[in-house]
Amino acid sequence: MKQVLPMNILHLSAVKNWGGGEKHIENLCLELAQSNPEVNNFVLCKRGDLFEKSLQKNNLPYAAAPIITNFDFRYIIKLISLVKTKQINLIHIHDPTALAFAVFADKFTSLPPFIFSKKTSFPIRDRKRTLYKYNYPKIKKILCVSEKSKNIIGENINDPSKLVKIYHGFRLEREQFKSKREDLLAELNIPKEKTIIGNIANHIWPKDLETFLKVAHHLIYTQNRTDLYFVQIGFYFRETPHLLKRLKELRLEAHVKCYGFKNNASRFFKIFDYFLLTSQVEGLPNVIYEAFYHKVPVIATNVGGIPEIVSHLENGLLADAFDAEKLAEHILFLEKNRELIPRFTENAHRKLVENFTTKQMAKQTLQEYKNVLYGRS
């Protein structure tokens, strides 16, 4: 009988912000701890950021290291040390910067095999160093968040058999908020009589929040829908100054409010009448799962993995990227046909719980761990 190897997994994160990718790491570790306690998960993250605080809050085993540059040796030294002290036999890498650290560390000592999670649908740049990193021999599997992501990354991967599609999962236990609608409205200082169109996204260019503003402008000034109120929640980043400037130029200060980062942002789905996602590039955003769970109708752009979970006129509405007028038309369509909303949201909720839970994600991911560690294909 073949000896079963211990399964000590080190998850690498080197991002400098908080987003769906970090929630994915937590969900995976929490689910595996519950369903497969024989799997020991440990996380190495950037020191001093919200992800570290969240790992503490969720009692997940972790270590943190400073990251000032993309080649901060303190992170690399910590990585090598953890592999030895925790007897790590598989490294699960969750972002490109962490992958670069792992490849560099492997030059100093022989690390265990890698699994890399590709969480976006960005193409791999056709540069020698980038192609080398993504085709590094220690990478045994690349877990792609959607079929679209798998197809795009496959164009620059030498061995396509390494590519596996595993949709991220939704952890129902994380969405049990006791906040009341009236309290949430008061927290954001929104009048009760407003119809609320919400968006949760960090201020980064792939989210194309300028189109979110253009939708608001079209509805308010062309359609005279001054009863609508637009709520945007997410970290302020490089795009924030431009976004706030455009908000003023479009005379939207009384109708659109950017609230920045909010703890447990998905609790605000309780006040959203519609969820509007205007991304120009996506992998597969977790916020759609949250909208499905809270039964908020989704209007989104037809990009990345979004159409793999949002079916037009079945559980949501889709429009092309940058098409603010069509997105606005979709909102008006639901306003005029409100009897469709329960059907859309019930279909969405059922699709979520049947296909996109963390239990399913963890089971599929664990199988890939076994494939790598035990030599299965």
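The values are calculated or read from the model by the stated rules, or taken from the named source; none is laboratory data. Just so we're clear, the structure is a prediction, and the values are computed from it rather than from any experiment. Cβ coordinates were reconstructed from backbone atoms using ideal geometry, including for glycine residues, and neighbour counts include every protein chain displayed. All accessible areas refer to the heavy atoms of the entire protein, side chains included, with ligands and DNA or RNA removed. Shrake-Rupley method; radii C 1.70, N 1.55, O 1.52, S 1.80 Å.
Number of residues in segment 2-29 that are within 25 Å of Asn264 (Cβ to Cβ) and either part of a strand (DSSP E or B) or open to solvent by 30 Å² or more (accessible area, probe 1.4 Å) (or both): the value is 7. The criterion of at least 2 residues that are closer than 25 Å to Val296 by Cβ is met, among strands (runs of 3 or more DSSP E) falling completely within segment 125-218, by 195-200.
Cβ-Cβ distances below 6 Å connect the following pairs, each with a first residue in segment 142-162 that is within 15 Å of Pro123 (Cβ to Cβ), a second residue that is crowded, with 19+ Cβ neighbours inside 10 Å and of a type in the set (A, V, I, L, M, F, W, C), and a separation of six or more residues or different chains: Ile142/Phe116; Val145/Leu284; Ser146/Leu284; Lys150/Cys144.
Is it fair to say Pro37 is within 25 Å of Ile166 (Cβ to Cβ) and either free of Cβ contacts under 8 Å to residues at least 24 places away in the same chain or open to solvent by 50 Å² or more (accessible area, probe 1.4 Å) (or both)? Taking the combined requirement at face value, the residue satisfies it.
Table: residues versus (1) more than 18 Å from His330 (Cβ to Cβ); (2) touching a Pro at 6+ places or on another chain (Cβ under 6 Å); (3) at pLDDT below 95; (4) surrounded by 21 or more Cβ atoms within 10 Å (Cβ to Cβ).
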{"position": "Asp208", "(1), (2), (3), (4)": "no, no, no, yes"}
{"position": "Leu284", "(1), (2), (3), (4)": "yes, no, yes, yes"}
{"position": "Pro307", "(1), (2), (3), (4)": "no, no, no, no"}
{"position": "Val310", "(1), (2), (3), (4)": "no, no, no, yes"}
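Cβ separations smaller than 8 Å between residues 6+ apart or across chains give the following pairs from segment 81-105 residues that are among the basic types (Lys, Arg) to residues that are open to solvent by 10 Å² or more (accessible area, probe 1.4 Å) and not in a helix (DSSP H, G or I): Lys86/Asn8; Lys86/Asn40; Lys86/Phe42. Can you name every residue in segment 219-244 that is at negative phi and part of a loop (DSSP other than H, G, I, E, B)? Those that are at negative phi and part of a loop (DSSP other than H, G, I, E, B): Gln223, Arg225, Thr226, Asp227, Phe235, Tyr236, Phe237, Arg238, Glu239.
Scanning segment 273-308 for residues that are closer than 16 Å to Arg343 by Cα and either in a helix (DSSP H, G or I) or out of contact with any strand residue (DSSP E or B) (no Cβ under 7 Å at 6 or more places or on another chain) (or both) yields Ala291, Phe292, Tyr293, His294, Lys295.
With the requirement that a residue be surrounded by fewer than 19 Cβ atoms within 10 Å (Cβ to Cβ) and either part of a helix (DSSP H, G or I) or among the hydrophobic types (A, V, I, L, M, F, W, C) (or both), what does segment 335-345 give you? Once the filter is applied, which keeps residues that are surrounded by fewer than 19 Cβ atoms within 10 Å (Cβ to Cβ) and either part of a helix (DSSP H, G or I) or among the hydrophobic types (A, V, I, L, M, F, W, C) (or both), segment 335-345 yields Glu335, Lys336, Arg338, Glu339, Leu340, Ile341, Pro342, Arg343. For segment 82-92, does any single residue satisfy the condition of being under 30 Å from Ser266 (Cα atoms), of a type outside the set (Val, Ile, Thr) and either modelled with pLDDT of 95 or more or open to solvent by less than 10 Å² (accessible area, probe 1.4 Å) (or both)? Yes, segment 82-92 contains at least one residue that is under 30 Å from Ser266 (Cα atoms), of a type outside the set (Val, Ile, Thr) and either modelled with pLDDT of 95 or more or open to solvent by less than 10 Å² (accessible area, probe 1.4 Å) (or both).
For segment 42-83, a residue qualifies if it is among the acidic types (Asp, Glu) and within 23 Å of Lys262 (Cβ to Cβ), and the qualifying residues are Asp49, Glu52. A Cβ distance below 8 Å, combined with a sequence gap of six or more or placement on separate chains, defines the contacts here; from segment 347-363, residues that are farther than 25 Å from Val39 by Cα and open to solvent by less than 40 Å² (accessible area, probe 1.4 Å) reach residues that are in a helix (DSSP H, G or I) and not aliphatic (A, V, I, L, M) in the pairs Ala348/Phe292; Leu352/Tyr289; Leu352/Phe292; Leu352/Tyr293.
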